[in-house]
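Shown next, in structure tokens, is the structure this report addresses.
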Amino acid sequence: MPASMVKSAPARAGGEEALRKYLAELVGTFVLVLGGVGAAVLAGDRIGFLGVSLAFGLSLLAMVYTVGPISGCHVNPAVTLGLLLTGKMESRYALGYVVAQCVGAIAAAGVVLLIAGGAPGGYSPSVEGLASNGFGAASPDGYNLGAAFLTEVALTFLLVLTVLGATDARAPVGFAGLAIGLVLALIHLVGIPVTNTSVNPARSLGPAVFAGGLALSQLWLFIVAPLLGGATAAAVYRTVFRPVAPITATTAERATERERAERVAGDRREGRTPV
């Protein structure tokens, strides 16, 4: 066999693995934005802040267990940054993750807009906002730039620190999704009145692309503040937790090898084909 063919096989395998990770991040972010922004736009007047907060939290919780074993379910550039700075992901995937997250968020916001446009009287994203994030005149309760910036930094810090701690090698296996999903719901309960809650540059980008105007001009805050919060969480995690054996978020969100082996063995005993 030619040497070039031997060398190309691992390259193809690596490329396929990367593509699976990127697609998982795209799908995960799509579901997060579809569930959360969709709830806010299509049902917000019926379910209120609590309902929208739960929609975001439950969407993320579901995706942690669905795409987490493939990509780690970052679905958020701030989370990707935090995991990168703590050695919990390979740097070669970072840019691809962020691009996939942004594409997934924009696609989901577009789907929400298409659905909303089917209502009597239609829907104008530039007027009604498409659940975009903002401060000042664009804040649900009129909070100013300083309050919005501090809120986004602090709440993103809480989110990313929870992700890092829940996926630590010493954390209980299999419970990361619960902690991460619940903390996102809590974060939205706090942040919706201030900024409509971003803590995720991709989530902010999706609606802003279609809303334009004020949402697009204020987008910088919802990129800078979450990234700062994520970086701060990484610094605190490295100082307080002092991880001695870092593991990736993907590994942490899988069942243990023993549990997986027992599951496969049980399937074989019962005549089922392991998936």
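The table below lists the values:
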| item | result |
| --- | --- |
| Distance from segment 189-216 to segment 122-136 (C-alpha centre basis), Å | 9 |
| Cα point-scatterer Debye curve for segment 159-198, base-10 log of I(q)/I(0) at q = 0.32 Å⁻¹ | -1.00 |
| Surface accessible to a 1.4 Å probe, per residue, for the residues of segment 134-216, Å² | 36 |
| Gain on full stretching of the segment that runs from residue 220 to residue 175 - 0.36 nm per residue minus C-alpha separation | 12.8 nm |
| List 164, 34, ordered by accessible area with a 1.4 Å probe, largest first | 34, 164 |
| Among 49-60, 15-26, the order from most to least packed when residues are scored by Cβ within 10 Å on average | 49-60, 15-26 |
| Point-to-point label distance, residue 90-residue 46, nm (Cα→Cβ direction, 7 Å offset) | 4.5 |
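The values are calculated or read from the model by the stated rules, or taken from the named source; none is laboratory data. Owing to the predicted nature of the structure, the values given are computational and were not obtained by experimental measurement. Methodologically, a virtual Cβ is constructed for each residue, glycine included, from the backbone with ideal geometry; neighbour enumeration extends over all protein chains shown. Note: accessible area is taken over every heavy atom of the protein model, side chains too, but ligands, DNA and RNA are not part of it. Shrake-Rupley method; radii C 1.70, N 1.55, O 1.52, S 1.80 Å.
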